[in-house]
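Notes to accompany the following structure.
The values are calculated or read from the model by the stated rules, or taken from the named source; none is laboratory data. Since we're looking at a predicted model, the values are computed, not measured. Here the Cβ is made from the backbone with ideal geometry for all residues, glycine too, and neighbour counts use every protein chain on show. All accessible areas refer to the heavy atoms of the entire protein, side chains included, with ligands and DNA or RNA removed. Shrake-Rupley method; radii C 1.70, N 1.55, O 1.52, S 1.80 Å.
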Amino acid sequence: MKKILSFLFSLLLIASASFAFLGFVQHQQHRTNAITNAADLLFGISSSESLNWAGYAVTGSNIVNVSGSFIVPSYSGQSSSAGPKAGHQGGGPGGGSTTSYAAFWAGIDGYNSNTVEQAGVLMEVQNGVASYSVWYEFYPAAPVYANWAPSPGDKIAVYVNYTASNDTFVATVVDITHGEVYQSPYTSVSGADRSSAEWIAEAPSSGHGILPLADFGTADFGPSYVSNYGNYATVNGVTGSILTLSNSYNVYKINMVKNNGSLKAETSSLLSDGDSFYVTWKSS
């Protein structure tokens, strides 16, 4: 891993915090400020570091859809319970030192652009108890939450699609285990580049910056864990898995790091299917 100087990371934190809304959990920050690329190249996949992302990203042009799958992780602490998330739009999240968060999602944009179209599952841990929420977000708009909650171990599929005829995005989250579906309205996103696709475990943000990362143990993405549901994208007319896309486009394996460069979450290499991977929590 390439270690970035602490003072540089501090500057990035200050700059990136200005892009989040006070009083909301945000699942996106300005990626230009949050991510730096490392120089090493392995099997056509570059290493990358982020203050709040871990997972994979593909960069290209004219991205029209992304699909992803993962298993909802259990909190690797005391007890876990599924249930509706308390509204973050009131007093704001992260009010106490015992509250931590982790978000798991797939989406379009965000790696090298100022918008993101994404959907997934949020884990919120308060006093050792985890609750879970399904959400979508067309950043810079605030996230929108479903009125039902997944449970740890549920198999989740996420789809984000762009329709050129009306210049809109739609995001869908499917809880395969329980047959629940949550879909956004078709939404126009001003300034959307459609220049990257991502499959991510994230430390969400508030108006005060990046929030503490909940200990999610290991988050498993892709068809090795969720059969028949892969991590795919269509980039400039080419549809394929992460590994397939690396033959034509830049693919980044992202580790989440602290200000001093130490690991917060580590991303595995792609598994033998060229599609699946896992992210391991290291520290908050």
**Study point:** Number of the exception - VAL134 against (1) open to solvent by 20 Å² or more (accessible area, probe 1.4 Å); (2) assigned to a strand (DSSP E or B)
**Key:** (1)
Check your understanding: Hey, among the residues in the range 186-223 that are surrounded by 24 or more Cβ atoms within 10 Å (Cβ to Cβ) and charged (D, E, K, R), which one's nearest to SER67 (Cα to Cα)?
Key -> GLU198
Revision key, fill the gap. By residue number, the members of the range 205-247 that are of a type in the set (A, V, I, L, M) and closer than 18 Å to ALA106 by Cβ are ALA219, VAL226, ALA233, VAL235, VAL238, ILE242, LEU243, LEU245
Point to revise | Considering residues of the range 31-74 that are at pLDDT 95 or above and in a loop (DSSP other than H, G, I, E, B) only, the residue nearest to the chain's Cα centre (by Cα) | key: ASN52
Practice item. Identify the residue in the range 157-185 that is touching a Ser or Thr at 6+ places or on another chain (Cβ under 6 Å) and either open to solvent by less than 40 Å² (accessible area, probe 1.4 Å) or among the hydroxyl-bearing types (Ser, Thr, Tyr) (or both) and, among all such residues, is farthest from THR115 (Cα to Cα). Key: ALA157
Study note, to complete from the structure: Exception for TYR101 within (1) at pLDDT 95 or above; (2) open to solvent by less than 10 Å² (accessible area, probe 1.4 Å); (3) under 28 Å from THR234 (Cα atoms) falls at (3)
Revision key, fill the gap. The range 194-284: strands (runs of 3 or more DSSP E) wholly inside it with 3 or more residues that are touching a residue at least 60 places away in the same chain (Cβ under 8 Å) are 196-202, 218-221, 232-235, 250-257, 263-267, 277-281
